[in-house]
Amino acid sequence: MSNTTYRKKLIEVALPLDAINEACVSEGSPFTPRHPRSLHVWWARRRLAVARAVIFAQMVDDPSGYTETLLSDPNKKRVATRELGKRKSIWEVRKTQYEEAHRQGDTSIPAPGPEPTLPECVADIERERLFRIIEDLVLWKNTTNETVLQQARDEIWQSWRRACAENADHPRANELFDRYKLPAFHDPFAGGGSLPLEAQRLGLKSYASDLNPVAVLINKAMIEIPPKFAGRPPINPKSRKEKTLFQKTWHGAQGLAEDVRYYGKWMRDEAEKRIGHLYPKIEVTVEMAMERPDLKPYVGRKLTTIAWIWARTVNSPNPAFANLDVPLATTFMLSTKAGKEAYVEPIIENGSYSFTVKMGKPKDAEALKRGTKSGSSGSIFLCLISGTPMRFEYLRSEAKAGRIRARLMAIVAEGDRGRIYLSPTSKMEVIAECEKPVDIPETDLPEKALGFRVREYGITKWGDFFTSRQLVTLTTFSDLVEETCEQAKHDALSTGLPDDGKSFADGGNGVTAYADAVGLYLALAISRWTDLFCSLSV
């Protein structure tokens, strides 16, 4: 490589950092639509805006390296000459001020620097043009804007062809400097895949690998599968029945996305048939509406349950109430939105307690916000009945002894204009106490890990993170992934699509591999779901 002619790249000179930083802040919002992070969680995922800007700036030449070419354009030369006149005028003033101050022994006036030149001016003007491309490129709304992306790709190709022309005499020019083929992008530790994804978006062929199999799956889902099955129409029966859908041109991975949506819904419908009884709707009765005027429009209706809000419980350390499980609630407030306040009110009577949900502003909002904690975050819990302190040492010992249980505090249902909070019912608690499935993750958790302290609370296996109902649901959906792959394969074969008999893992490109691809996205969705669908989620 000693004979290689090298040009300085834009990233070595300057970048529009303010625009890039602003785009990163915007991208970091949890409400950013269609972001790859929704596919699966990954630690320290790089912002796509940074990845896109950095790769572009690494591939594009800095204008200082081709000023002669720029000045050969009459329009650019004219603009640069006009800019040079302005800069020289300012430079002359500074030079005069510096010389005058220097004669008087005043050293506070800085030197004016070298005299501006025409090549410097034309390079700065061209660099600003490249900056504007980056400023458009990093905006999230332009992530799939082909006009903006193609403009960036054109600049990369222009710099690459310039490099190829200058290295035409290189002994390995045919291999290393093919003007019709951009160099590939390699990331041996790709992690969440931001860099290879953005390299691919900018027109480079991407290769990614990682030691972690989860990272490998994420990268396959983001950069390997979409281009492999790009341009294909969906295979699901619904799309094929609708001629307008089937006959349309499917760009990129639109067909694959349509199938993932269809078979995801198919999985949901099948799961509802099998375990729907574990997630019943709740009927609003006249009795429920007597103390809750806001429920009157829903009397007699069965509402879809969105969530069940539970509180872990532990035996009271007070000997007088030792046989009573008291709640460990970090808050009793359900909604603090102005005008839509909702809260759980513990009703203590006859040495026991129950929960009821109320609407409106509570009399003592601060006390309800604390739940059964003695103060702010990190403080100890108090027995709801006696006020006896329950220190963490006590809670850990009870948890390791298997005496941590749970009690339903509230039910969240879907209303006409948002969420509706309802008081718990014994029926709903009983339904949740289903039998655990046989095939659950019984792998031991690590003994010690940074920030991993759940073993102190009796959680020693992966399956301990989930309630019985959650385990039934997750195993049902996991089983359905395999069934979905078979269903997708059957649907595709019934339409006469070819199959090479190879799976995706074996490099297949036919129906079997395509069904595997659909299954991978659905499996990742379930894996992503476990972050929220566990007993530790809040």
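The values are calculated or read from the model by the stated rules, or taken from the named source; none is laboratory data. As the structure is a computational prediction, the values presented were derived from the model and not from experiment. Cβ coordinates were reconstructed from backbone atoms using ideal geometry, including for glycine residues, and neighbour counts include every protein chain displayed. Ligands, DNA and RNA are excluded from the accessible area calculation, which covers all protein heavy atoms including side chains. Shrake-Rupley method; radii C 1.70, N 1.55, O 1.52, S 1.80 Å.
Mind listing the phi-derived Karplus ³J(HN,Hα) values for the stretch 437-449, rounded to whole Hz, using 6.51, -1.76 and 1.60 with θ = phi - 60°, and x for any glycine or proline?
x, 6, 8, 10, x, 9, 5, 5, 6, x, 4, 9, 7
Output wanted: per-residue J couplings in Hz (rounded whole) for the stretch 319-335, from phi through Karplus 6.51 cos²θ - 1.76 cosθ + 1.60, θ = phi - 60°, x for Gly and Pro.
Those phi angles translate into x, 5, 10, 4, 8, 10, 7, 9, x, 10, 10, 6, 7, 10, 7, 9, 8 Hz.
Would you mind computing, in nm to one decimal, how far apart the modelled labels at residue 271 and residue 433 are, each placed 7 Å from Cα along Cα→Cβ?
It is 2.6 nm.
Check each of the trypsin sites (Lys or Arg not before Pro) in the stretch 317-374 and keep only those in coil by DSSP with at most 16 other C-beta atoms within 10 angstrom; list them in order.
Listed in order of number, the matching sites are 337, 340, 363.
Could you order 125, 526 so the one with the most accessible surface comes first? Probe is 1.4 Å.
Details: 125 60, 526 20 Å².
From most accessible down to least: 125, 526.
Rounded, prolate or oblate for the stretch 347-493? Axes are the square roots of the Cα gyration tensor eigenvalues, ordered a ≥ b ≥ c, and the cut-off for rounded is a/c under 1.5.
On the way: a/c = 2.36, a/b = 1.40, b/c = 1.68.
Because a/c hits 1.5 or more and a/b fails to exceed b/c, the stretch 347-493 counts as oblate.
Return a whole-number percent for the relative contact order of the chain, with Cα pairs under 8 Å and 6 or more residues apart as the contact set.
Relative contact order for the chain comes out at 11 percent.
Non-local amide H neighbours of residue 415 (under 5 Å, H modeled in plane, Pro and chain starts lacking H): which ones?
420
May I ask you to list, by number, the DSSP H helices of the chain whose Cα span along the axis is at least 18 Å and whose average Kyte-Doolittle hydropathy reaches -0.5 or more? Write down the numbers at each step before the final one.
Details: long enough: 74-103 (42 Å, -1.74); 118-137 (29 Å, 0.00); 146-166 (30 Å, -1.00); 254-275 (31 Å, -1.30); 468-494 (39 Å, -0.33); 511-529 (27 Å, 1.05).
The answer, listed by residue number, is 118-137, 468-494, 511-529.
What residue among 54, 118, 342 has its Cα farthest toward the positive end of the dipole of the chain, where the charges are +1 on Lys, Arg and -1 on Asp, Glu, each on the Cβ?
Working it through, the farthest residue towards the positive pole turns out to be 342.
Using the Cα centre of the stretch 195-327 as the reference point, and only Cβ charges (+1 on K/R, -1 on D/E), how large is the resulting charge dipole? Debye, rounded to the nearest 20. All intermediate terms of the calculation are to be shown ahead of the outcome.
Working: 21 positive and 14 negative charges, 158 e Å.
Taking the Cα centre of the stretch 195-327 as origin, the dipole is about 760 debye.
In debye, nearest 20: dipole of the chain around its Cα centre with unit charges on the Cβ of K, R (+) and D, E (-)?
Values: 76 positive and 70 negative charges, 208 e Å.
About 1000 debye.
PRE reach from residue 453 (point 7 Å along Cα→Cβ): which of the stretch 372-403 fall under 18 Å by backbone N?
373-382, 390-401
Taking amide hydrogens as modeled 1.01 Å from N in the peptide plane, which residues meet the under 5 Å criterion relative to residue 185, leaving out close sequence neighbours?
Under 5 Å from the amide H of residue 185 lie the amide H atoms of 205, 206, 207, each far enough along the sequence or on another chain.
Pairs to check: 265/369; 238/461; 77/205; 400/436; 296/369. Give those whose C-alpha atoms are more than 32 Å from each other in this structure.
265/369; 238/461; 77/205
Which aspartates and glutamates have a Cα less than 12 Å from the Cα of residue 340, not counting those fewer than 8 places away in the same chain?
Result set, ordered by chain and number: 294.
Assuming R0 = 25 Å, what is the FRET efficiency of residue 216 and residue 532, from their Cβ-Cβ distance, to the nearest 0.05?
It comes to 0.60.
Kindly state, to the nearest 0.05, the FRET efficiency for residue 241 paired with residue 132, given R0 = 45 Å and r defined as their beta-carbon distance.
So the FRET efficiency works out to roughly 0.45.
Got a sec? Charge dipole of the chain, +1 on Cβ for Lys and Arg, -1 for Asp and Glu; which of 316, 256, 229 is way out at the positive end?
316
With θ taken as phi - 60° and the coefficients 6.51, -1.76 and 1.60, list the Karplus ³J(HN,Hα) couplings across the stretch 451-464 in order, rounded to whole Hz; mark glycine and proline as x.
With the stated coefficients, the stretch 451-464 comes to x, 10, 10, 5, 4, 5, 10, x, 8, 10, 10, 4, x, 5 Hz.
Gain in length, residue 468 to residue 5, computed as 0.36 nm per residue apart minus the alpha-carbon separation, to one decimal in nm?
Details: separation 463, 0.36 × 463 = 166.68 nm, distance 6.56 nm.
Working it through step by step, the gained length comes to 160.1 nm.
Would you please classify the overall shape of the stretch 23-181 from the alpha carbon gyration tensor, given that a ≥ b ≥ c denote the square roots of the eigenvalues, rounded means a/c under 1.5, and beyond that prolate means a/b larger than b/c while oblate covers the rest?
Since a/c reaches 1.5 but b/c is at least a/b, the shape of the stretch 23-181 is classed as oblate.
Any lysines with Cα under 22 Å of the residue 76 Cα? List them, leaving off those in the same chain fewer than 8 positions away.
8, 9, 86, 88
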